[in-house]
Ligand SMILES: [Zn+2]
């Protein structure tokens, strides 16, 4: 019996297979089994560890540099993220923030000096760049190490939760490290999205074997509640990946209709979601 990667339930079943795609790009033809959990409704891969795939994925040449248009969208998205965080925390004068899976620290380096900026990144090359940008770095695996207790005002995970072997362990550690009233905010793929329902193995954010887990608002609420969080809210994230739905449905028989109404459907398809909760 295969246990769910998130809730450990045994009520799971094999659902479909997906190739090694990164976004719309085929990396190789290896096929991976996706399992569905009837308890928490998430999808997951039953792989022992992802660390080899991490290293493969973050060698630097693997992800191409973003185009000028994508850099512009990233810049807008950083501003919106900052406004979101400050609004939810009630506009304090000083914010202690930790970004988990921060890469070279692009998001943190966009924040002003009212933030104490900490980052966690296991790729040493990226961590060195972040360090040079003045960010205090942790470079060990959060699942095996400890963070300061009751310390941070805000902990962010911009598309990193889905890479962890044990997402519940990560959420437990984050809960421990946030101060009472502290905020967790994360962006993740969404297995309830239109692109996943129609595209399945072509879903832009499936990214097997690097994404070990495809959550949705229901499974994230269960997981966050399980770690002790409250006031949990998931909302569609519409400013990143403008063409994800386009690529997710590229083989679907209804794709012509979807492309005809693309901007409208993209607004409501929730390909990726932002989830917030408080300690
Ligand atoms: Zn589950």
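Scanning the stretch 32-47 for residues that are at pLDDT 90 or above and more than 10 Å from the ligand (Cβ to nearest atom) turns up 32, 33, 34, 45. The set of residues in the stretch 10-31 that are loosely packed, with under 13 Cβ neighbours inside 10 Å and near the ligand (Cβ under 10 Å from one of its atoms) contains only 10.
The single condition among (1) within 16 Å of the chain's Cα centre (by Cα); (2) modelled with pLDDT under 95 that residue 187 does not meet is (2).
The values are calculated or read from the model by the stated rules, or taken from the named source; none is laboratory data. Here the structure is a predicted model, which means the values were calculated and not measured. Virtual Cβ from ideal backbone geometry, glycine too; neighbours counted across all protein chains shown.
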